[in-house]
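Please read the structure below before turning to the comments.
A short reminder: the numbers here are calculations on the coordinates, not readings from a lab. These numbers come from a predicted model, not from an experiment. Ideal geometry is used to build each Cβ from the backbone, glycine not excepted, and the neighbour counts take in all protein chains shown.
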Amino acid sequence: MTTAKPLTQFSPLSDPPGPRPAAPPRDRPAAPPADPPAARPPVRPPLWDRQFTLFFTARTVSMFGDAMMPVAAALAVGALYGISGVGLVLGVWTGTFVVVVLFGGVFADRFGARRMMVGADLVRVLTQGILAAAFFAGPPPFWLLVTMAAVAGVAVAMFLPGANGMVPLVAREPQRANATLKVADALAQLLGPAFAGLLIALTGAGTVYAIDAGTFLLSALCLALVRLAPAAASTDAPAGADTPARTGGSLRRDLRRGWQEFRSRTWMWAVILIWMGYGVLVFGPLVPLSSALVGDRLGPNAYGLAVSFLGAGTVLGGLLALRVRPPRPLAAGTVAMALYTVLPLSVALDTGLPVLLAGHVLGGGALAFWSVMWATSVQTHTPPAVLNRVSAYELGGSVSGIALGQVLAGPALALASPGRLLLVSAGACLAGCAALLAIPAIRTLRRAAPPGGPQGA
């Protein structure tokens with residue numbers, strides 16, 4: 001039995017079936033063939049479909065709540081327990097995260113990233129709600145602050161590996177999605193700290209923690225509404241929102257597979273080693289030291305304003321990453337990171353408020369551009385089946401340095417003043433950029449093409 005072929009399957013050199021058109025009159029020349037239509041540029045896939053919109057909303061509202069927390073911790077906890085108290089609370093949070101995050105990557109691959117993220121959000125609704133009630137009742141005991149920080153650190157460890165792995169599932173152009181999320185993060189950093197400072201001044205820290213709990217509740221609701229196509233049965237398929245990947249092995253084997261994938265990429269583990277040094281010397285001590293210096297010199301409102309300008313710089317860096325597609329993303333991100341040096345310098349050198357704010361703008365823009373280049377490189381150069389586990393290793397490694405730096409911020413004051421310690425941070429930032437550019441695997445890493453496209457030249 002044969003079937004009729006569609007007209008598009010016939011060769012242009014043969015006549016299609018059916019009656020032939022009448023020949024043109026002999027006294028009129030035949031019309032010249034029409035020029036072939038110009039090749040149209042490929043249409044970029046839409047970003048704002050239902051799945052990305054829900055994911056974007058979930059991430060944005062939780063980012064806004066999280067953006068209020070550094071100011072709340074620096075001002076509310078600092079007023080009760082000093083710089084050492086702030087550093088210890090933040091250090092417990094990040095330290096717990098580092099210990100547990102590897103399991104978060106495995107569980108995201110086993111049970112599905114979306115399920116893990118929803119559960120983590122609900123846990124953080126509980127922790128932030130308890131802290132809100134405690135601050136409303138009076139000064140909370142230090143043990144409660146530390147305990148809730150530890151539980152929240154576990155929740156974030158269950159949330160973040162899947163959040164990174166979800167981006168390629170909800171967006172077909174990861175760099176656009178990462179840059180858009182970074183802009184939203186920047187807007188949260190711009191508005192959240194100022195909002196937190198205003199709330200603490202008017203109502204107290206309890207309101208800040210209560211609103212933070214509400215943001216996690218809304219995030220959980222949006223993530224629960226995300227519906228993706230089930231993952232393929234292959235072990236190389238990514239873990240979908242509703243169907244986990246079939247790892248088919250023990251927990252130890254899954255951890256080993258993630259480690260093997262992580263260590264096989266020189267550019268990845270080399271960046272994380274350098275970032276661990278950044279955490280100890282730059283990112284970890286920055287919040288406790290700068291909040292104390294700026295608060296004592298210019299007042300607590302100036303510190304909240306500086307953090308807001310850090311968010312403004314992050315907006316600019318994210319917008320730049322939306323438009324710029326460097327062929328070597330990590331090299332371009334490293335050049336941008338050199339500008340981050342201005343941030344600790346602006347605090348350490350006792351500059352005026354305008355220079356301080358400008359330093360935070362430059363620092364925020366530099367870190368945002370690097371973050372987009374890094375996240376996109378990880379997502380596009382890692383097999384989807386192990387992306388969550390690899391993300392857990394890179395997150396755990398980079399954050400471990402921050403945890404140590406936060407814990408050591410208070411004891412380090414016995415060795416040097418906060419200003420001198422921040423000068424060390426500035427020098428470490430420049431040294432780290434030089435090390436990144438000196439490693440060929442980082443400097444020469446090419447931008448991966450979107451799915452179905454050619455590799456970048």
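In whole Å, what are the Cα extents of the stretch 263-389 along the three principal axes, biggest one first?
Largest to smallest, the principal-axis extents are 49, 31, 22 Å.
At a Förster radius of 41 Å, what calculated FRET efficiency corresponds to the Cβ-Cβ distance of Arg323 and Ala414, to the nearest 0.05? Numbers along the way, then the final one.
Working: r = 47 Å, r/R0 = 1.14.
Given R0 = 41 Å and the Cβ-Cβ separation, E is 0.30.
Expected output is a single nm value to one decimal: the length gained when fully extending between Thr266 and Ala438, i.e. 0.36 nm times separation in residues minus the C-alpha distance. What is it?
My answer for the length gained is 60.6 nm.
I'd like the Kirkwood hydrodynamic radius of the stretch 361-457, using the inverse of the mean 1/r over distinct C-alpha pairs, in Å.
Hydrodynamic radius (Kirkwood, Cα only) of the stretch 361-457 equals 16.3 Å.
So what J values fall out for the stretch 68-82 if you push phi through Karplus, 6.51 cos²θ - 1.76 cosθ + 1.60 with θ = phi - 60°, rounded to Hz, Gly and Pro as x?
So the J values, rounded to whole Hz, are 7, 5, x, 5, 4, 5, 5, 8, 6, 5, x, 5, 8, 10, x.
With r defined as the distance between the Cβ atoms of Asn301 and Val424 and R0 fixed at 25 Å, what FRET efficiency is calculated, to the nearest 0.05? If you can, show how the numbers build up before the last one.
Working: r = 28 Å, r/R0 = 1.10.
Efficiency for this residue pair is about 0.35.
From the backbone phi of the stretch 122-132, what are the Karplus-calculated ³J(HN,Hα) couplings (6.51 cos²θ - 1.76 cosθ + 1.60, θ = phi - 60°) in whole Hz, Gly and Pro given as x?
Listing the rounded values in order: 5, 5, 6, 4, 5, 5, 6, x, 5, 5, 4 Hz.
Using the per-residue mean of other Cβ atoms lying within 10 Å as a proxy for protection, in what order, highest first, do the peptides 177-183, 215-221, 321-327 fall? Please report the intermediate quantities before stating the final value.
Values: 177-183: 24.0, 215-221: 21.7, 321-327: 15.9.
Packing proxy ranking, top to bottom: 177-183, 215-221, 321-327.
Defining a contact as two alpha carbons under 8 Å apart and six or more residues distant in sequence, what relative contact order in percent does the stretch 50-443 show?
Reported as a whole number, the value is 28 percent.
How high is the FRET efficiency from Ala79 to Ala358, r the C-beta distance, R0 25 Å, rounded to 0.05? Write out the running numbers ahead of the final one.
Numbers: r = 28 Å, r/R0 = 1.13.
Efficiency computed from Cβ-Cβ geometry: 0.35.
Under a no-solvent Debye model with one identical scatterer per Cα of the stretch 50-443, what's log10 I(q)/I(0) at q = 0.06, 0.08, 0.09, 0.12 Å⁻¹?
Normalising to I(0) and taking log10 leaves -0.21, -0.38, -0.49, -0.90.
Along the Cα-to-C-beta direction of Ala338, a point sits 7 Å from the Cα; which residues of the stretch 410-431 have their amide N less than 13 Å from that point?
430-431
Once the Cα atoms of the stretch 310-385 are picked out, what are the Rg and Dmax in Å?
Rg then Dmax for the stretch 310-385, in Å: 14.0, 50.
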